[in-house]
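Quick one: the structure is below, questions incoming.
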Amino acid sequence: MHKSKKLLLFAFLLGVLVCPVQAQDAKNLISQHLNNSNFEKGVGEFVVLRDVVSPTSNVRHIYFQQTLGGIPVMGTESSLHFSKDGKLLKSNNSFLKEGLEQSPRSLKSMVAPEDALKGIMKEMGYVSMAPFSEIEWQTASKNDYEVYYKHPSLFEREISLSLNYVVWEGKTVPIWRANFFEKNYEYYWDAWFHATEGRLLKTEDLITYCSFGNEEEDLNYHNNLYDIPDYSTSERNSEAICENCYEVFTLPTESPLHGNRAVAEYPHNPLASPFGWHDTDGVAGHDLETTSGNNVIAIEAGDRYGYQAYGGSSLDFSGFPFSIEYSQSNQSEDASITNAFYTANIAHDVFYTFGFDESATNFQNYNYTDQGLGKDPVEIQVQSMIRPCNAFMVTPRDGRSPTLVLNTCNDRDGSFDNLVVIHEYGHGVSSRMTIGDGNLLYKESPTEGWSDWFGLMLTMQEEDTAFTNRTIATYLRGQSANGSGIREYPYTVDTELNPLVFESLEEGMGIHEVGTVWATILWDMTWRLIDVYGYDSDLYSFTGDVNEDAGNTMAMAIVVEGLRYTTSLSGLVGARDGIVIAAQSIYGPEVQCLVWEAFTSRGLGVLADSGSTIVLGDEAPSYDFSELEPRFDLSLVGLCSSSAELNFISGGFPAGG
């Protein structure tokens, strides 16, 4: 038989063998997968965490976790991903096959949850005569092993306490896991208390501070200064001048160094926020007249903690005084709170457009669909006094509000640096959309890279080119618009100005340095797509049609969708794999090929290896484009080639190679 006919027959058989799975029960699909993975009897007990079909790709994503006696085993979050025609695109299986010595019978002598919490407080050195009070709280798991407490004199907001199994010193042991904010939000603790032996195993602060301080002694903060816009301080008009409007640095304006304030009228996206940003009950008409709403609650967190900007019945948030320099006597509080409220809401609406919706556990008080838990809008604290020259985002599980804290630095207010606000918001997106419990704090984590890239994408200007130097937090750090920012290299495709590649990772690097490598690679990919498919300034222009979407739109779609395939311990190779599959599932092999070219050019080619993602320095790069020559492998998908004979092949290695 002629070679091309053999290939076409092979492709046809692949199509015949694919079975639709969209209607099949998730538990059955998981059980089949575990059986095919040769798991021993008794090891395959699990709970389904989430079963959703992505609105951007129509891929079905099933997330599940190993359990013992109904109690979750931490670190075993796993997933299956099926195309709309039933093909298994990717699986992540983190189940433990060994070390399950403990059984639920051992919990007969379990420490009561309140006693466990008291033990944690005692061993951490907290002293208070007031008792804890248990409170009702919605949970996704709906089990008897999750309780919530309040203790206002010691801790901010609620304290969550959940029963889990963890691998500790080679054994599977039961723990009560507590998560809580210390007073004034300075620490967000993750504490593990042995549930049968009654002792504290570990404590960890889960806040990753994004520092904008002046660590370098020889840094000139006013290097490359140019003419700063002449901002005048105006008094607010006594009467409303517009309805549902916000005087802010409208996106894609990055900061006060990059443009003037403007009034944005009715800026909400009707798909993501159907009744505007100030609705909280799903009924037409606003419910709140301050900087509070369905997606975001923005407050001042400095000398007037809890203060909010007021827009009145017309929701007019314009005319607030503004000064480019922050000082105690001239804080521009209303303008600051309004800008943060606006930027975070835009971020909510944009990410919703690209798939971070209720089913993906986004941040909303009221969920307009029947998916997700709701009651978890982002709380933004501006002008915070916690660790000046820092910002951070803490993201609990669905149903509990994230906290985004913005500080001041070098007489600058972080809430006016839109790129910084989006960077922090992006941490919440990656925490919720990746598999796991939102803990992305490991050595080869892409988390800071995702956030840098999100900030760059939403502040991209139409006149930018692939060789434009983009930097991070120039305003907040007291520099000029073209200052060096807080990263070692600018983001550009010019390898002389930014030489970072996959093997640039080395032992001793911090999580922000690792993130810079990842964002550099994503930035190259973005510009390869823009060079071929063009640029669209409309942040909501996603269609999923390769003939309609611009390159920057495609990049946003495949990176956000790629998060769905990524585990909470994925390194750069794992994050790459998610994007490659997303490119194929949304746009097809042509776009996927461009993505492969971008990754390969910076060392993340087909044979790249992350090694262990909890250490650095063991990575293996891959640059050889000949590795993209196709070969058949039924367990992988996608194939692209310049040869017309291969147009109808599905399956192959590499995916899209």
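Among Glu254, Glu247, Glu239, which is touching a helix residue (DSSP H, G or I) at 6+ places or on another chain (Cβ under 8 Å), assigned to a loop (DSSP other than H, G, I, E, B) and modelled with pLDDT of 50 or more?
None of the other options fit; the residue is Glu254.
Just checking, how many residues over region 480-489 are more than 26 Å from the chain's Cα centre (by Cα) and farther than 12 Å from His258 by Cβ?
Counting residues in region 480-489 that are more than 26 Å from the chain's Cα centre (by Cα) and farther than 12 Å from His258 by Cβ gives 0.
Find the helices (runs of 4 or more DSSP H) located wholly in region 510-599 whose residues include 2 or more that are closer than 16 Å to Gly449 by Cβ and without any contact (Cβ under 8 Å) to a residue 12 or more places away in the chain, and list them.
Fully inside region 510-599 and qualifying: nothing.
Within region 378-392, restricting attention to residues that are closer than 30 Å to His61 by Cα and surrounded by fewer than 24 Cβ atoms within 10 Å (Cβ to Cβ), which residue is nearest to the chain's Cα centre (by Cα)?
Per the criteria, the residue is Phe392.
Still on this model: If I filter region 303-314 for residues that are outside any loop (DSSP other than H, G, I, E, B), modelled with pLDDT of 95 or more and farther than 18 Å from Met393 by Cβ, do I get at least one hit?
Within region 303-314 (the criterion being outside any loop (DSSP other than H, G, I, E, B), modelled with pLDDT of 95 or more and farther than 18 Å from Met393 by Cβ), the answer is yes, since at least one residue qualifies.
If you don't mind, another one. Which number in (1) small (Gly, Ala, Ser); (2) modelled with pLDDT under 95; (3) in contact with a Cys (Cβ under 8 Å, 6 or more places away or on another chain); (4) part of a loop (DSSP other than H, G, I, E, B) marks the one condition that Ala391 misses?
Condition not satisfied by Ala391: (4).
To continue, here is another question. Among (1) buried (at least 19 other Cβ atoms within 10 Å of the Cβ); (2) under 28 Å from the mean Cα position of the chain (by Cα), which single condition is Asn269 missing?
(1)
With the requirement that a residue be of a type outside the set (D, E, K, R) and over 30 Å from Ser211 (Cα atoms), what does region 496-536 give you?
Leu529, Ile530, Val532, Tyr533, Gly534, Tyr535
Can you spot a residue in region 315-328 that is outside any loop (DSSP other than H, G, I, E, B), over 14 Å from the mean Cα position of the chain (by Cα), on the phi > 0 side of the Ramachandran plot and in contact (Cβ under 8 Å) with a residue 24 or more places away in the chain?
no
If you don't mind, another one. On the given criteria, is Val420 within 20 Å of Tyr246 (Cα to Cα) and under 16 Å from the mean Cα position of the chain (by Cα)?
In short, yes.
Pull out all pairs, ordered by first then second residue, where Cβ-Cβ is under 6 Å, the residues are six or more apart or on different chains, the first lies in region 285-301 and is closer than 20 Å to Gly399 by Cα, and the second is polar (S, T, N, Q).
Asn294/Thr280; Asn294/Gln364; Asn294/Asn365; Asn295/Asn345; Asn295/Gln364; Val296/Asn345; Ala298/Thr291
Hey, can you tell me all the residues within region 34-53 that are at pLDDT 80 or above and either open to solvent by 60 Å² or more (accessible area, probe 1.4 Å) or closer than 21 Å to Ile71 by Cα (or both)?
Passing the criteria: Leu34, Asn35, Asn36, Glu45, Phe46, Val47, Val48, Leu49, Arg50, Asp51, Val53.
Report whether or not Val580 is at pLDDT 95 or above and farther than 24 Å from Asn93 by Cβ.
It is false that Val580 is at pLDDT 95 or above and farther than 24 Å from Asn93 by Cβ.
Moving on. Against the condition surrounded by fewer than 24 Cβ atoms within 10 Å (Cβ to Cβ) and touching a Gly at 6+ places or on another chain (Cβ under 8 Å), how does Asn365 come out, does it pass?
yes
I need the full set of residues from region 406-432 which are open to solvent by 10 Å² or more (accessible area, probe 1.4 Å), hydroxyl-bearing (Ser, Thr, Tyr) and part of a helix (DSSP H, G or I), in order please.
Ser431
Tell me whether region 537-549 contains one or more residues that are among the hydroxyl-bearing types (Ser, Thr, Tyr) and buried (at least 21 other Cβ atoms within 10 Å of the Cβ).
No, there is no match, as no residue in region 537-549 is among the hydroxyl-bearing types (Ser, Thr, Tyr) and buried (at least 21 other Cβ atoms within 10 Å of the Cβ).
Where the second residue is crowded, with 19+ Cβ neighbours inside 10 Å and not in a strand (DSSP E or B) and the first is in contact (Cβ under 8 Å) with a residue 12 or more places away in the chain and of a type in the set (Ser, Thr, Tyr) and lies in region 257-282, which pairs have Cβ atoms under 6 Å and are six or more apart or on separate chains?
Ser273/Asp349; Thr280/Asn294; Thr280/Asn365
Same structure again: Scan region 321-349 for residues that are surrounded by fewer than 23 Cβ atoms within 10 Å (Cβ to Cβ) and not charged (D, E, K, R) and jot them down.
Listed by number, the residues that qualify are Pro321, Ser323, Ile324, Tyr326, Ser327, Gln328, Ser329, Asn330, Gln331.
If you check Thr492, Thr468, Thr474, which single one turns out to be surrounded by fewer than 20 Cβ atoms within 10 Å (Cβ to Cβ) and either at positive phi or more than 20 Å from the chain's Cα centre (by Cα) (or both)?
Thr468
Follow-up question, since we're still on this one. Scan region 480-509 for residues that are touching a residue at least 40 places away in the same chain (Cβ under 8 Å), under 24 Å from Gly611 (Cα atoms) and in a loop (DSSP other than H, G, I, E, B) and jot them down.
Leu500, Val501, Leu505, Glu506, Glu507, Gly508, Met509
Take Ala473 and decide whether it is aliphatic (A, V, I, L, M) and over 23 Å from Val580 (Cα atoms).
Yes; evaluated as a whole, the condition is true for this residue.
In region 570-589, what residues are more than 27 Å from Tyr352 (Cβ to Cβ) and open to solvent by 10 Å² or more (accessible area, probe 1.4 Å)?
Val573, Pro589
Kindly list the number of the only condition in (1) surrounded by fewer than 21 Cβ atoms within 10 Å (Cβ to Cβ); (2) of a type in the set (Asp, Glu); (3) within 20 Å of Asn407 (Cβ to Cβ) that fails for Asp452.
That leaves (1) as the condition not met.
The values are calculated or read from the model by the stated rules, or taken from the named source; none is laboratory data. All figures in this text were calculated on a predicted structure; none of them were measured in a lab. Neighbour counts are summed over all protein chains in view; Cβ atoms, including those assigned to glycine, are modelled from backbone coordinates with ideal geometry. We work out accessible area using only protein heavy atoms, side chains counted, and drop any ligands, DNA or RNA first. Shrake-Rupley method; radii C 1.70, N 1.55, O 1.52, S 1.80 Å.
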